[in-house]
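What follows is a short report on a single structure.
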Amino acid sequence: MIFRGEKIFYRSFVILIAVFFISCKKNRNDSLYTVYNKGISGNTVVDLLARFNADVRSLSPDLLIVMIGTNDSYRSTIGDYKTNLDSLLKQSNRAGLNVLLLSPPPIGDGVNLYKERDSVLTLMAAYDKELSLKYNCGFIDINKAFKESGSPSVYSNSFVRNSANSSELAPDGIHLTQDGNFFIAEKVLEYLTNPLVLKKGIVVCYGDSLTYGAFANGEGTATGFTYPGFLQQFLDKI
């Protein structure tokens with residue numbers, strides 16, 4: 001049995017190895033995959049619909065990864081979220097895109113912070129799963145996976161930023177730590193390689209500030225310690 005502390009130590013060790021390869025690798029011209037970070041802070045599903053042609057269709061991706069909902073949880077109703085996400089998946093389906101839907105991660109501190117808003121995200125995760133079945137697209141319940149790993153929490157090993165792990169900047173209980181970004185990339189890699197469902201191609205990571213990688217080294221790119229950045233490094237090794 002591997003205990004929580006041992007898992008965190010292992011993940012931190014793997015991140016150090018990833019950091020080493022990122023810093024040493026001069027280029028990735030030989031990679032079979034190209035990952036694009038198309039996350040924009042503050043976005044909702046409505047924003048993803050508005051920029052779909054410019055940021056997704058123009059790239060003709062072999063895989064579109066959608067993770068959205070954090071901002072919708074307080075700007076939209078549950079009904080509007082489901083309707084808008086349905087429209088986005090329908091548009092992706094009509095464009096002939098292969099889609100992987102990630103439920104939005106939980107927020108807060110595991111106690112009282114954002115408790116009501118986090119319950120909305122849990123409902124959104126259920127709708128994500130429902131719509132993934134409707135449109136026959138891939139689905140990873142990141143919300144559930146975070147909670148099963150003990151995040152968010154008040155402790156320093158939380159995947160969500162808090163006062164224990166983000167003292168250099170105001171902790172907000174919403175954005176992700178480096179470990180959180182790594183965890184999401186790890187889950188996506190498991191989906192893509194067990195079995196191998198994408199042998200090569202363009203991958204577009206589409207979403208809000210969590211995809212963008214706010215506060216992470218390399219935010220807004222697929223070359224740093226954002227989840228698209230870690231995913232690119234993982235795929236380079238296949």
task = Using the structure shown, decide if residue 100 is in a helix (DSSP H, G or I) and in contact (Cβ under 8 Å) with a residue 12 or more places away in the chain.
result = no
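Every residue in the range 40-92 that is part of a helix (DSSP H, G or I), farther than 17 Å from residue 136 by Cβ, hydroxyl-bearing (Ser, Thr, Tyr) and touching a residue at least 12 places away in the same chain (Cβ under 8 Å), please. Give the steps one after another, and end with the answer.
Applying the first criterion (part of a helix (DSSP H, G or I)) to the range 40-92 yields 45-50, 52-55, 57-59, 72-75, 78-92.
Within this subset, residues satisfying the condition of being farther than 17 Å from residue 136 by Cβ are 45-50, 52-55, 57-59, 72-75, 78-84.
Filter once more, so that each one left must be hydroxyl-bearing (Ser, Thr, Tyr): 58, 73-74, 81, 83.
Scanning the range 40-92 gives 73, 74, 81.
Please pick out the residue among 118, 86, 62, 72 that is among the acidic types (Asp, Glu) and closer than 25 Å to residue 233 by Cα.
Numbers: 118 fails: closer than 25 Å to residue 233 by Cα; 86 fails: closer than 25 Å to residue 233 by Cα; 72 fails: closer than 25 Å to residue 233 by Cα.
On inspection, the qualifying residue turns out to be 62.
Sort out which residues of the range 109-130 are in contact (Cβ under 8 Å) with a residue 60 or more places away in the chain and among the hydroxyl-bearing types (Ser, Thr, Tyr), and write them in order of number. Explain how you work it out, then say what you get.
Filtering the range 109-130 down to residues in contact (Cβ under 8 Å) with a residue 60 or more places away in the chain leaves 109, 113-114.
Once the filter is applied, which keeps residues that are in contact (Cβ under 8 Å) with a residue 60 or more places away in the chain and among the hydroxyl-bearing types (Ser, Thr, Tyr), the range 109-130 yields only 114.
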key: the range 193-212 - residue that is more than 11 Å from the chain's Cα centre (by Cα) and modelled with pLDDT of 95 or more and, of those, farthest from residue 112 (Cα to Cα)   = 201
message = Among the numbered criteria (1) free of Cβ contacts under 8 Å to residues at least 40 places away in the same chain; (2) among the aliphatic types (A, V, I, L, M); (3) assigned to a loop (DSSP other than H, G, I, E, B); (4) under 27 Å from residue 98 (Cβ atoms), which one does residue 133 miss?
response = (3)
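Name the single residue that is nearest to residue 236 (Cα to Cα) among those in the range 144-158 being in contact with a strand residue (DSSP E or B) (Cβ under 9 Å, 6 or more places away or on another chain) and buried (at least 23 other Cβ atoms within 10 Å of the Cβ). Quick ask: steps written out before the conclusion?
Of the residues in the range 144-158, the ones in contact with a strand residue (DSSP E or B) (Cβ under 9 Å, 6 or more places away or on another chain) are 146, 151-153.
Right, trim to buried (at least 23 other Cβ atoms within 10 Å of the Cβ) and you get 146, 151-152.
Values: 146: 25, 151: 28, 152: 30 Å.
That would be 146.
Go through the residues of the range 159-178 one by one and say whether even a single one is among the acidic types (Asp, Glu), assigned to a loop (DSSP other than H, G, I, E, B) and buried (at least 18 other Cβ atoms within 10 Å of the Cβ). Reasoning before the result, please.
Within the range 159-178, the subset among the acidic types (Asp, Glu) is 168, 172.
With the extra rule that they be assigned to a loop (DSSP other than H, G, I, E, B), the set shrinks to 168, 172.
Cutting the leftovers down to buried (at least 18 other Cβ atoms within 10 Å of the Cβ) gives us none.
No, the conditions are met nowhere in the range 159-178.
For residue 231, indicate whether it is buried (at least 23 other Cβ atoms within 10 Å of the Cβ) and not acidic (Asp, Glu). Steps first, answer last, please.
Details: buried (at least 23 other Cβ atoms within 10 Å of the Cβ): yes; not acidic (Asp, Glu): yes.
Here the answer is yes, as residue 231 does meet what is asked.
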message = Would you confirm, using the coordinates I've provided, whether residue 190 is within 13 Å of the chain's Cα centre (by Cα), in a helix (DSSP H, G or I) and at pLDDT 95 or above?
response = no
note = Inside the range 128-143, the number of residues satisfying the requirement of being within 14 Å of residue 88 (Cα to Cα), crowded, with 18+ Cβ neighbours inside 10 Å and of a type in the set (Phe, Trp, Tyr) is 0
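Given the condition closer than 23 Å to residue 171 by Cβ, assigned to a helix (DSSP H, G or I) and small (Gly, Ala, Ser), answer yes or no: does some residue in the range 146-156 qualify? Write out each step before concluding.
Filtering the range 146-156 for residues closer than 23 Å to residue 171 by Cβ gives 146-156.
Now narrow it down to the ones that are assigned to a helix (DSSP H, G or I): 146-148.
Subsequent filtering for residues that are small (Gly, Ala, Ser) retains none.
Among the residues of the range 146-156, not one is closer than 23 Å to residue 171 by Cβ, assigned to a helix (DSSP H, G or I) and small (Gly, Ala, Ser), which makes the answer no.
The values are calculated or read from the model by the stated rules, or taken from the named source; none is laboratory data. Quantities reported herein were computed from a predicted structural model and do not represent experimental measurements. All Cβ positions, even for glycine, are placed from backbone atoms using ideal geometry, and neighbour counts span all protein chains on display.
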